[in-house]
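Enquirer: One structure is given below, represented as structure tokens, and several questions about it will come after.
The values are calculated or read from the model by the stated rules, or taken from the named source; none is laboratory data. The structure presented is a predicted model; accordingly, all values stated were derived computationally and were not measured. As a convention, Cβ positions derive from the backbone with ideal geometry for all residues, glycine included, and neighbour counts pool all protein chains shown. Note: accessible area is taken over every heavy atom of the protein model, side chains too, but ligands, DNA and RNA are not part of it. Shrake-Rupley method; radii C 1.70, N 1.55, O 1.52, S 1.80 Å.
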Amino acid sequence: MARNDFILLLAFALILTSLISCRSAPQPSPQPEPQPANRFQPVIDAWVQQDAKAPPPENAILFIGSSSIRLWNTLHEDFPQYDVIQRGFGGSSFADANLYTEQIVLPYHPAAVVVFEGSNDVNGGKSGREVFEDYKQFVHLLRTGSDPFQGPIFFIGITPTESRWQHWPQMRIANELIQAYARQHEDLYYIDAPAPFLASAPTPGGPPSPDFFQQDLLHMNAKGYELWVQTITPVLESVCPPTK
């Protein structure tokens, strides 16, 4: 073989090898588009305008959190012994709740704050410990804000669901850390909402029964909310006597 032909053949082989390598190399998974920190601002602004026209009652029980709070259509009926304020915005995380404490928590002068966040946080990639740190920031913002809230804060334990069962280990860590922290601090309370759902699991150590969830196996149905009410009510009433 002539020297020039050999060089050309070698160059062709190198190019072919490079192309095959590029095609077989694993491609990075597309990263989700980052969402703006203030993506819920229109919802918050609507509540602020609503509050200006019809101020909610003071000394009410404020429920704040993600879609499980927003979709709780029977919240007021489930707690007839209290005035209740419902401030749930679907898809939110603790970072979102923390961003708006000055607008939809402190101005209400509530008797108590009940918060449910954490599921979206872990589903979005945060660890259980990071959720715990965000929870502590939520408490700090309430205690040190422009009009500090010094009343009881109740955390509804992150509820296990079949659709997010792979994230349950980190959710459980967040729950355990928050529960331990609440035991060490006055006026902080952990509500063990996960317990009855885990007890309903068709197989030991598995996800909860689908009977308590909508078809997406993420959001609760009426039976799921009944479990919440049964778990939340005794803890809430032990600290905040009924006002009605």
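Enquirer: How would Leu62, Leu99 rank on accessible area, largest to smallest, probe 1.4 Å? Working shown, then result.
Expert: Details: Leu62 0, Leu99 90 Å².
Ranked list, largest accessible area first: Leu99, Leu62.
Enquirer: Stretch Leu217-Ala180 to full length: gain in nm at 0.36 nm per residue minus the Cα-Cα span?
Expert: 10.4 nm
Enquirer: Assuming R0 = 35 Å, what is the FRET efficiency of Asp192 and Asn38, from their Cβ-Cβ distance, to the nearest 0.05? Let's see the in-between values first.
Expert: Values: r = 33 Å, r/R0 = 0.95.
FRET efficiency, Asp192 to Asn38: 0.55.
Enquirer: DSSP beta bridges in the stretch 85-244, what fraction antiparallel, as a percent rounded to 5?
Expert: Bridges in the stretch 85-244 that DSSP calls antiparallel: roughly 10 percent.
Enquirer: Let me ask you something else. How many angstrom separate the Cα center of the stretch 84-136 from the Cα center of the stretch 38-82?
Expert: If you average the Cα positions of each part, the centres end up 13 Å apart.
Enquirer: Report the charge-dipole magnitude of the stretch 42-155 in Debye, nearest 20, computed about the Cα centre from +1 at each Lys and Arg Cβ and -1 at each Asp and Glu Cβ.
Expert: 140 debye
Enquirer: Counting Lys and Arg as +1 and Asp and Glu as -1, what is the net charge of the other residues whose Cβ lies under 13 Å from the Cβ of Arg183? Show your work: numbers first, answer last.
Expert: Details: positive: none; negative: Glu176, Glu186, Asp187, Asp192.
So the environment of Arg183 carries a net charge of -4.
Enquirer: Could you sort the peptides 166-178, 141-153 by per-residue average Cβ neighbour count (10 Å cutoff), highest mean leading?
Expert: Ranking, from highest mean packing down: 166-178, 141-153.
Enquirer: Now for a different question. Out of Leu106, Gln170, Ile85, whose Cα points farthest toward the positive end of the dipole of the stretch 36-193 (charges: +1 Lys, Arg; -1 Asp, Glu; placed on Cβ)?
Expert: Gln170
Enquirer: Name the long-range amide H neighbours of Val84: under 5 Å, sequence gap of 5 or more, or other chain; modelled H, no Pro or chain starts.
Expert: Hits under the 5 Å cutoff: Ile61.
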